[in-house]
Amino acid sequence: MSRRWIFLDLDGPVLDVSRRYHQVHRGLVLRHGGRPLDREEYWDAKRNRVPEAGILARCGVSPEAETERLAEIEAPAHLALDRPWPWTGAALEELARWGSLALVTLRRHPDRLADQLAALDLTRSFERIVAGRGDGTSEAKAVLLRESGIDWGPGSVLVGDTEVDIASGKALGLRTVALSCGIRAPHLLERWSPDALLSDLRDVPSMLSCRPGEGRPGPLPPCP
């Protein structure tokens, strides 16, 4: 039987990953004798979709070092730097009143995800965890969801923080919510025309209370 599902991307919507990303950047640049960006400057570049090759060049490091960054970004010691946002726990509890929660993420090492979620006490927050390898494209994320076996019903939504999330949600016929707290700046997310562009997870329930396509919001009751 189909139900309303709320599909949540992990990095950005649920977790603040800025410390991990910057730590990997800083260590890589220092090893190559460059000058790393400070955390705020680096994260601003990431949010504005500056390619890693461009960031490395700005730091005086060959763009070829990007392969090292990709090899390190999901090392257990670096994953341990991720933290849920201060509001994540309460927001997930509230969202569970509106639909079944599923975590959907593409990782280079999906086998490390279970340990990370357990360490952060997040495993029990989700009815389903859908993780797999992929090339980081919307097509890969859409395939991952299609093959998950989840039978989602009307009002289901995909919540993410990148153009990949928005495009994959649209390809699957899901309502799409883009959050500006993650790895993309709002002006870049707007270009992909999500159904809603919100600050963070705390704002999602208000979007779920509106029926798509109606001129005026209508109530959509929480799941019993």
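Each Cα pair under 8 Å and six or more residues apart adds its sequence gap; the mean of these over the residue count of segment 19-98 is a relative contact order of 33 percent.
When the residues Asp161, Asp115 are ordered by accessible surface, computed with a 1.4 Å probe over the protein chains alone, the sequence from largest down reads Asp115, Asp161. In terms of accessible area, using a 1.4 Å probe and ignoring ligands and nucleic acids, His109, His25, His187 rank largest first as His187, His109, His25. For segment 95-158, averaging the sequence separation of C-alpha pairs within contact (under 8 Å, six or more residues apart) and dividing by the residue count gives a relative contact order of 38 percent. Taken along the Cα-to-beta-carbon direction at a fixed 7 Å, the label points for Asp111 and Thr137 span 2.6 nm. Charge tally for Glu93 (other residues, Cβ to Cβ under 14 Å; Lys, Arg +1; Asp, Glu -1): 0.
Taking 0.36 nm per intervening residue step and subtracting the Cα-Cα distance, what contour gain separates Asn48 from Ala118 on full extension?
On the way: separation 70, 0.36 × 70 = 25.20 nm, distance 3.14 nm.
Full extension from Asn48 to Ala118 adds 22.1 nm.
The percentage of C-alpha pairs in the chain whose separation is greater than 32 Å is 18%. Ranked by the mean number of other Cβ atoms within 10 Å of their residues, highest first, the peptides 48-55, 122-129 fall in the order 122-129, 48-55. In segment 121-187, inverting the average of 1/r over every pair of distinct C-alpha atoms gives 12.9 Å as the Kirkwood radius.
Sequence-ordered 3J(HN,Hα) estimates for segment 72-87 from the Karplus curve with 6.51, -1.76 and 1.60 and θ = phi - 60° stand at 9, 4, 10, 5, x, 5, 7, 4, 5, 7, 5, 9, x, 4, x, 9 Hz, glycine and proline given as x. Computed over protein heavy atoms with a 1.4 angstrom probe, the accessible surface ordering of Arg4, Arg31, Arg97, largest first, is Arg31, Arg97, Arg4. Heavy-atom accessible surface of Ser199, to the nearest 10 Å², is about 60 Å², with a 1.4 Å probe and all protein chains retained. Segment 58-103 and segment 147-170 have their alpha-carbon centroids 19 Å apart.
Per DSSP H run of n ≥ 4, the term is -39500 (n - 2.57); total these for the chain, divide by its residue number, and report the mean residue ellipticity at 222 nm rounded to 500 deg cm²/dmol. If you can, show how the numbers build up before the last one.
Details: 11 runs with 84 residues, N = 224.
Dividing the helical sum by the residues of the chain leaves -10000 deg cm²/dmol.
At a 1.4 Å probe, what is the % contribution of carbon and sulfur to the accessible area of the chain? Write down the numbers at each step before the final one.
Numbers: 5450 of 10810 Å².
The value for the chain is 50 percent carbon and sulfur by accessible area.
Approximating the spin labels as points 7 Å out from Cα along Cα→Cβ, the Arg191-to-Ala90 distance works out to 3.5 nm. Rolling a 1.4 Å probe over the heavy atoms of the protein chains gives segment 117-169 an accessible area of 46 Å² per residue.
The values are calculated or read from the model by the stated rules, or taken from the named source; none is laboratory data. Model, not experiment: these values are computed from the prediction. FYI the Cβ positions are ideal-geometry reconstructions off the backbone, even for glycines, and counts take in every protein chain you see. Side chains included, ligands, DNA and RNA excluded: accessible areas come from the protein's heavy atoms. Shrake-Rupley method; radii C 1.70, N 1.55, O 1.52, S 1.80 Å.
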